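Peer 1: Before anything else, here's the structure in question.
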Amino acid sequence: MSTLPDISFPRHAVVIGAGAVGLMSAIHALDQGLEVSLLDFNPVGSEEAASYGNAGWLSSHSVIPPVEPGMWKKVPGYLMDPIGPLSIRWRYLPRLTPWLLRNLASARRERIRATARALRTLVVDARTLHLDIARRAGVAHLIDTSGVLHVYRSRQQFEGDAFGWSVRRELGIQWSELEAEALRRREPDLDPAFGFAVQVDEAGHCKNPAAYLQALQAYALARGAHRIDARATGFRIEEGRLKAVLTETGEVACDAAVICAGARSKALAAQAGDRVQLESERGYHALIRGHEQAARARTPMMLSEFKVIATQMETGLRIAGQVEFASFEAAPDWRRGEIMRDIALKLFPGLPRDLPAADVRYWLGRRPSTPDGMPCIGYARASSDIVHAYGHGHIGLGCSARTGRIVAQLLAGQTPEIDLAPFSPQRF
Ligand SMILES: Cc1cc2nc3c(=O)[nH]c(=O)nc-3n(C[C@H](O)[C@H](O)[C@H](O)COP(=O)(O)OP(=O)(O)OC[C@H]3O[C@@H](n4cnc5c(N)ncnc54)[C@H](O)[C@@H]3O)c2cc1C
């Protein structure tokens, strides 16, 4: 799909899915002069969207895919640990196996390097791009630009992550190191057992993803986008040209469409002629409210040991993480949310040990994840009027701003601003 398609204006694009990727795509498509309809069966900012409950990181250095060299040796240990970071519902294993095998194959050093190089082109400047859009939408206050921390118990523990940091260094990413005392001054509520941190200044975070999504949609609608409350089921394509998006309640006539339905994109991708490997990689958060005086994350913190992020949101202290493989529809396992709460108790000794249940809210989210850790962005096989834009896994909020810009370039028939070959939806 490398040749630019034959496109004429006016052009009406239906954006399927109003998560972070869809909203950014809609705004940039409006900038390109397209007529835009935002189609979603959930209200914007609903808890079903992964964009609702993430850890808020807009981190241009989050380029290391969530695999480690030699990971296959560690997986059994993770799975045996009932409070470990990874779980699989065994009934789901047969369906997951092809994805899992490709995922394990991508855990080689050279593959990780190549993935990091590609992801960097997508996520670089994430903070600046988000701040620009947030300003336009009137919510610049939701974007914090004061960096993030990666926290370790010790320098020795940090050195255990040396490969990932060396790849970041090769890409020109800079950081500074905080020894115990400096970390204590910066994060006085954190358990002093954590005595070393890496501070990345180029990252930022969103202080309230749900409010951000609502503001982005309000901005898109104010600029002329239409909102359609419906569930897309497929496409009507005639002689390679898109005529309509099909929904459960009828057709929406259009000349272009974007598939950005997050972890539900696979079936729509198949309708557009592409068999992609996409799983809902489930994660959880615990949001602790009302204890800001005793337990505050002044900077968003990634705790490498637990594979969780602690972010102080406008709405409370959010601890987010976990990887659980199960079908999209499988019931939440709220013990995984409680693990997030228990990690919060470990991190912040000032929290009451008998934290009242009413002060904690749990959430299950579904990351749209490909086995190689890279999203699908590009034209569909069945028609270049359809653009794929999903599969951003752990970094979809951060990536959404540039992805939206690229989607709009594709919709307008322009050469995209970065090389999309690594993100080809046809690579599987
Ligand atoms: C615990 C956790 C922590 C995370 N932390 C971070 C982080 O700190 N930083 C970061 O960058 N990323 C993070 N992520 C990942 C990030 O949240 C996702 O990658 C991103 O939100 C995906 O956005 P999306 O727009 O592709 O999908 P979604 O936000 O899931 O939106 C998809 C939308 O499509 C709609 N939809 C689905 N099917 C249809 C259909 N058939 N018709 C119409 N509409 C449909 C849904 O209703 C939904 O609104 C985290 C994820 C989790 C789970």
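Peer 1: Do we have GLU35 as over 23 Å from the mean Cα position of the chain (by Cα), of a type in the set (D, E, K, R) and at pLDDT 95 or above here? Walk me through it before giving the result.
Peer 2: On the way: over 23 Å from the mean Cα position of the chain (by Cα): yes; of a type in the set (D, E, K, R): yes; at pLDDT 95 or above: yes.
So GLU35 passes the test.
Peer 1: Any residue at all in segment 219-235 that is more than 30 Å from ILE7 (Cα to Cα) and surrounded by 17 or more Cβ atoms within 10 Å (Cβ to Cβ)? Explain how you work it out, then say what you get.
Peer 2: Step one: list which residues in segment 219-235 are more than 30 Å from ILE7 (Cα to Cα), which gives none.
Looking through segment 219-235, none of the residues is more than 30 Å from ILE7 (Cα to Cα) and surrounded by 17 or more Cβ atoms within 10 Å (Cβ to Cβ).
Peer 1: Output the number of the condition that ALA297 fails; it satisfies all remaining conditions of (1) in a loop (DSSP other than H, G, I, E, B); (2) surrounded by 20 or more Cβ atoms within 10 Å (Cβ to Cβ); (3) among the hydrophobic types (A, V, I, L, M, F, W, C); (4) out of contact with any Phe, Trp or Tyr (no Cβ under 9 Å at 6 or more places or on another chain).
Peer 2: Answer for ALA297: the failing condition is (4).
Peer 1: Can you tell me which residue is farthest from the chain's Cα centre (by Cα) among those in segment 159-187 that are in a helix (DSSP H, G or I) and in contact (Cβ under 8 Å) with a residue 60 or more places away in the chain?
Peer 2: Of all residues in segment 159-187, those in a helix (DSSP H, G or I) come to 159, 162-170, 180-186.
Subset that is in contact (Cβ under 8 Å) with a residue 60 or more places away in the chain: 163-164, 167-168, 186.
Working: PHE163: 23, GLY164: 19, VAL167: 21, ARG168: 19, ARG186: 27 Å.
Per the stated criteria, the residue is ARG186.
Peer 1: Continuing with the same structure: Kindly evaluate ALA244 against the criterion of being assigned to a strand (DSSP E or B), of a type in the set (A, V, I, L, M, F, W, C) and more than 10 Å from the ligand (Cβ to nearest atom). Break it down stepwise before answering.
Peer 2: On the way: assigned to a strand (DSSP E or B): yes; of a type in the set (A, V, I, L, M, F, W, C): yes; more than 10 Å from the ligand (Cβ to nearest atom): yes.
Answer is yes for this residue.
Peer 1: Looking at (1) surrounded by fewer than 22 Cβ atoms within 10 Å (Cβ to Cβ); (2) more than 12 Å from the ligand (Cβ to nearest atom); (3) assigned to a strand (DSSP E or B), which is the only condition ALA330 fails?
Peer 2: Evaluating ALA330 over (1) surrounded by fewer than 22 Cβ atoms within 10 Å (Cβ to Cβ); (2) more than 12 Å from the ligand (Cβ to nearest atom); (3) assigned to a strand (DSSP E or B) leaves (3) as the failure.
Peer 1: Which one is farthest from the ligand (Cβ to nearest atom), of the residues in segment 124-140 that are in contact (Cβ under 8 Å) with a residue 60 or more places away in the chain and within 15 Å of GLY56 (Cα to Cα)?
Peer 2: VAL139
Peer 1: Note down all Cβ pairs under 6 Å where the first residue falls in segment 391-418 and is over 26 Å from ALA320 (Cβ atoms) and more than 16 Å from the ligand (Cβ to nearest atom), the second is among the hydroxyl-bearing types (Ser, Thr, Tyr) and modelled with pLDDT of 95 or more, and they're at least six residues apart or on different chains.
Peer 2: ILE418/THR121
Peer 1: Give me the pairs, please: first residue somewhere in segment 98-116 and without any contact (Cβ under 8 Å) to a residue 40 or more places away in the chain, second residue anywhere and assigned to a helix (DSSP H, G or I) and not acidic (Asp, Glu), beta-carbon distance under 6 Å, and either six or more positions apart or on two chains.
Peer 2: Cβ pairs passing all conditions: LEU104/TRP72.
Condition check ((1) closer than 14 Å to LEU303 by Cβ; (2) touching a helix residue (DSSP H, G or I) at 6+ places or on another chain (Cβ under 9 Å); (3) β-branched (Val, Ile, Thr); (4) away from the ligand (no atom under 13 Å from the Cβ)) across all residues:
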position	(1), (2), (3), (4)
GLY321	yes, yes, no, no
ARG335	no, no, no, yes
ILE339	yes, no, yes, no
LEU345	yes, no, no, yes
PRO349	no, no, no, yes
ALA357	no, no, no, yes
TYR362	no, yes, no, no
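Peer 1: Residues of segment 253-294 being acidic (Asp, Glu) and away from the ligand (no atom under 15 Å from the Cβ), which ones?
Peer 2: Here is the first cut: in segment 253-294, the residues acidic (Asp, Glu) are 255, 274, 279, 281, 292.
If the condition is that a residue be acidic (Asp, Glu) and away from the ligand (no atom under 15 Å from the Cβ), then ASP255, ASP274, GLU292 are the ones that fit.
The values are calculated or read from the model by the stated rules, or taken from the named source; none is laboratory data. Quantities reported herein were computed from a predicted structural model and do not represent experimental measurements. No Cβ is skipped: glycine too gets one built from the backbone with ideal geometry, and neighbour counts run over all protein chains shown.
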